[in-house]
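Data first, discussion second: the structure below is written as structure tokens.
The values are calculated or read from the model by the stated rules, or taken from the named source; none is laboratory data. Keep in mind the model is a prediction, meaning the values are calculated, not measured. Counting neighbours? That spans all protein chains shown, and the Cβs are built from the backbone with ideal geometry, glycine included. Note: accessible area is taken over every heavy atom of the protein model, side chains too, but ligands, DNA and RNA are not part of it. Shrake-Rupley method; radii C 1.70, N 1.55, O 1.52, S 1.80 Å.
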Amino acid sequence: MGMTMTQKILAAHAGLPSVKAGDLIEAKLDLVLGNDVTTPVAVGVFDKAGFTKVFDPERIAIVLDHYTPCKDIKSAELCHTAREFARRFGITHFYDVGTVGIEHALLPEKGLVGPGDMVIGADSHTCTYGALGAFSTGVGSTDMAAGMAAGENWFKVPPAIKVTLKGKFRPHVSGKDVILHLIGLIGVDGALYKSLEFTGEGVAELGMDDRFTIANMAIEAGAKNGIFPVDEKTLEYIQGRVQRGYTVYEADADAEYEREVVIDLSELKPTVSLPHLPSNTKTVDEVKGMPIQQVVIGSCTNGRISDMRTAAAVLKGRKVADGVRCIVIPATQQVYLDCVSEGLAEIFINAGCALSTPTCGPCLGGHMGCMCAGERAVATTNRNFVGRMGHVKSEVILANPAVAAASAVAGCIATPDDI
């Protein structure tokens with residue numbers, strides 16, 4: 001029996017000719033990632049275990065993106081611990097205030113991940129890099145500590161679900177709607193410890209930012225990872241970014257999948273996830289008019305330049321509705337600069353938005369947009385659990401950037417065609 005893309009990458013990094021679902025393997029790592037929340041925990045484990053060196057300071061990335069610029073004393077202490085560790089071991093890829101971006105947008109932008117790579121990160125949305133044809137997955141801080149010391153981790157080879165895409169998008173539909181639709185179909189545990197492997201002619205319809213969005217939210221279906229084939233768009237994206245060798249893997253024709261899910265992009269409509277699970281999906285036309293108090297446009301899911309352009313196109317010449325706060329967060333410093341140079345920043349500010357430095361901020365109820373009881377937000381983020389963006393009696397509705405921007409103008413859930 002042949003292997004899937006994920007299984008081929010795992011086999012190669014384990015030094016094995018082949019692997020199958022359920023195998024336990026020890027695999028070499030190309031990159032280990034941590035942030036300001038998870039790195040300090042990993043540092044504690046690292047020091048307690050008596051490790052005195054890292055396996056390769058060039059293959060560790062520490063990104064202070066969640067609570068920065070530091071919102072309080074505790075977040076400042078966490079960042080201090082991460083800074084001291086990075087200084088102690090000469091971590092090359094260390095990103096602090098002023099150079100930082102939201103980690104899962106920053107690392108691909110900087111060329112730190114390429115096709116065929118094996119990446120772990122102490123953050124559940126590390127699966128983002130599957131958009132580049134890499135195996136990437138979230139781990140706990142203990143595994144991060146072991147990975148930093150040894151450059152290896154244990155893995156159980158996941159079975160796979162084949163997601164076949166066909167057709168072309170309608171207006172105001174994007175990668176966010178694809179993944180919300182999929183999660184709505186299979187549930188938040190529908191791909192539990194499985195690989196979501198995207199394929200089909202519809203992949204060519206997806207830009208890289210769409211693919212990053214979809215791979216990012218694979219974890220919201222419980223998946224171990226999400227992964228896309230490497231095509232011309234992938235190679236164009238990494239050109240000039242990835243300054244080292246990489247390997248392109250393809251699934252075998254006889255690769256084994258537990259099931260296949262077919263999604264016709266031409267049938268998708270703008271979709272939202274209502275509280276309090278990403279699987280609680282509805283099309284916008286089913287729930288339009290629901291009042292809101294806040295809109296967040298950004299995050300590791302939808303904070304890239306194409307997302308900013310989409311939101312700005314909707315907001316241009318319009319105003320955020322009275323009683324609504326619209327917070328726009330470019331995912332990296334480069335995206336922020338692009339917003340300025342392209343005139344998007346001016347559009348956002350003239351519309352009445354707050355334009356933030358890159359940060360995860362409100363996505364996890366950290367800062368830059370926490371809500372009180374009774375408030376509801378439309379957000380381009382990736383989770384809408386109870387209390388995710390503040391009070392346990394607040395609500396988060398997940399949406400694509402076009403819907404989020406239109407909702408900010410309308411003061412309720414809406415599409416650009418409604419304003």
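How large is Rg/Rh for segment 1-144, to two decimals, with Cα atoms and a Kirkwood Rh? Numbers along the way, then the final one.
Values: Rg = 15.8 Å, Rh = 15.8 Å.
When Rh is taken as the Kirkwood radius, the ratio is 1.00.
From the cross-link list K20/K224; K28/K74; K20/K110; K20/K166, which pairs have alpha carbons spaced over 23 Å apart?
Pairs exceeding 23 Å: K28/K74; K20/K110; K20/K166.
Looking at S299, A345, A408, which one has the Cα that reaches farthest to the positive end of the dipole of segment 274-419 (charges on Cβ: Lys, Arg +1; Asp, Glu -1)?
S299
Report, ordered by chain and residue number, the lysines lying within cross-link reach of K168, taken as a straight Cα distance under 17 Å and ignoring same-chain residues fewer than 8 apart.
Qualifying lysines at Cα under 17 Å: K176, K233, K269.
Relative contact order of segment 321-380, please, whole-number percent, based on alpha carbon pairs below 8 angstrom and at least 6 residues apart.
Working: 49 pairs, mean separation 20.0, N = 60.
Relative CO of segment 321-380 lands at 33 percent.
How much length, in nm to one decimal, is gained on full extension between T357 and V97, taken as 0.36 nm per residue of separation minus their Cα-Cα distance?
Working: separation 260, 0.36 × 260 = 93.60 nm, distance 0.91 nm.
Roughly 92.7 nm would be gained on extension.
How high is the relative contact order of the chain, in percent, counting Cα pairs under 8 Å that sit 6 or more residues apart?
Normalised by residue count, the contact order of the chain is 17 percent.
What are the aspartates and glutamates whose alpha-carbon lies under 16 Å from the alpha-carbon of K194, with same-chain residues fewer than 8 places away excluded?
Of all the aspartates and glutamates, those that pass the test against K194 - Cα under 16 Å, at least 8 places apart if same chain - are D23, E220, E256, E258, E260.
Can you compute the charge dipole magnitude of segment 8-128 about its Cα centre, using +1 on each Lys and Arg Cβ and -1 on each Asp and Glu Cβ, nothing else charged? Give it in debye, rounded to the nearest 20. Each step should come with its number before you reach the end.
Details: 12 positive and 16 negative charges, 45 e Å.
Result for segment 8-128 is approximately 220 debye, rounded to the nearest 20.
Take the alpha carbon atoms of segment 59-78, find their center, do the same for segment 204-236, and report the distance between the two centers in whole angstrom.
Cα centroid to Cα centroid, the span is 27 Å.
Could you grab the relative contact order for segment 47-114? Cα pairs under 8 Å, six or more apart, rounded to a whole percent. Kindly include the intermediate steps, with their values, before the conclusion.
Numbers: 52 pairs, mean separation 28.1, N = 68.
It comes to 41 percent, rounded to a whole number.
Let me check I've understood the local charge: for P158, count other residues with C-beta under 15 angstrom from its C-beta, Lys and Arg +1, Asp and Glu -1. What total comes out? Show your work: numbers first, answer last.
Details: positive: K8, K20, K156, K162, K194, K224, R259; negative: D23, D189, E197, E256, E258.
Neighbour charge sum, excluding P158 itself: +2.
Using the Cα centre as the reference, give the magnitude of the dipole from point charges on the C-beta atoms of segment 169-232 (Lys, Arg: +1; Asp, Glu: -1; all else neutral), rounded to the nearest 20 debye. Write down the numbers at each step before the final one.
Working: 5 positive and 10 negative charges, 49 e Å.
Its charge dipole is roughly 240 debye.
What does the charge add up to near L235, with Lys and Arg as +1, Asp and Glu as -1, over the other residues with Cβ less than 15 Å from its Cβ?
On the way: positive: R211, K233, R241, R244; negative: D117, D231, E232, E236, E250.
In short, -1.
If you take the square roots of the eigenvalues of the alpha-carbon gyration tensor of the chain and sort them as a ≥ b ≥ c, do you get rounded (a/c under 1.5), prolate (a/b over b/c) or oblate?
Values: a/c = 1.75, a/b = 1.23, b/c = 1.42.
Since a/c reaches 1.5 but b/c is at least a/b, the shape of the chain is classed as oblate.
Kindly point out which whole DSSP H helices in the chain project their C-alpha atoms 18 angstrom or further along the helix axis while averaging a Kyte-Doolittle hydropathy of -1.0 or above. Each step should come with its number before you reach the end.
Values: long enough: 73-89 (24 Å, -0.43).
In the chain, the long hydrophobic H runs are 73-89.
Hey, rough spin-label estimate for D231 and H276, points 7 angstrom out along Cα→Cβ, what's it come to in nanometres?
For D231 paired with H276, the spin-label model returns 3.9 nm.
Which one, S273, Q333, A253, is farthest towards the positive end of the dipole of segment 217-344 when Lys and Arg carry +1 and Asp and Glu -1 on their Cβ?
So the residue we want is Q333.
Under a plain spin-label model, where a point goes 7 Å from the Cα along Cα-to-Cβ, how far apart in nm are E77 and E256?
5.0 nm
Can you give the extra length, in nm with one decimal, that the chain gains between D23 and R241 once fully stretched, where that is 0.36 nm per residue apart less the Cα-Cα distance? Mind showing how you got there, number by number?
Numbers: separation 218, 0.36 × 218 = 78.48 nm, distance 3.38 nm.
Once the chain is fully extended between D23 and R241, it gains 75.1 nm.
Place a +1 charge on the Cβ of each Lys and Arg in the chain and a -1 charge on the Cβ of each Asp and Glu, then give the dipole magnitude about the Cα centre in debye, rounded to the nearest 20. Present the calculation step by step, with values, prior to reporting the outcome.
Values: 38 positive and 48 negative charges, 152 e Å.
Around 720 debye, computed over the chain.
Picking from G138, P159, A149, whose Cα lies most toward the positive end of the charge dipole for segment 111-168 (charges on Cβ: Lys, Arg +1; Asp, Glu -1)?
P159
Add -39500 (n - 2.57) for each DSSP H run of 4 or more in the chain, then divide by its residues: what number comes out at 222 nm, to the nearest 500 deg cm²/dmol?
Working: 14 runs with 128 residues, N = 419.
Computed mean residue ellipticity for the chain: -8500 deg cm²/dmol.
Please arrange I219, I73, I62 by accessible surface area, largest first, computed with a 1.4 Å probe and ligands excluded. Before the final figure, lay out each step's value.
Details: I219 45, I73 130, I62 0 Å².
Of I219, I73, I62, the descending order of accessible area is I73, I219, I62.
How far is it, in nm, from the label point at A373 to the one at H391 when both lie 7 Å from their Cα along the line to the Cβ?
Between A373 and H391, the label points sit 0.6 nm apart.
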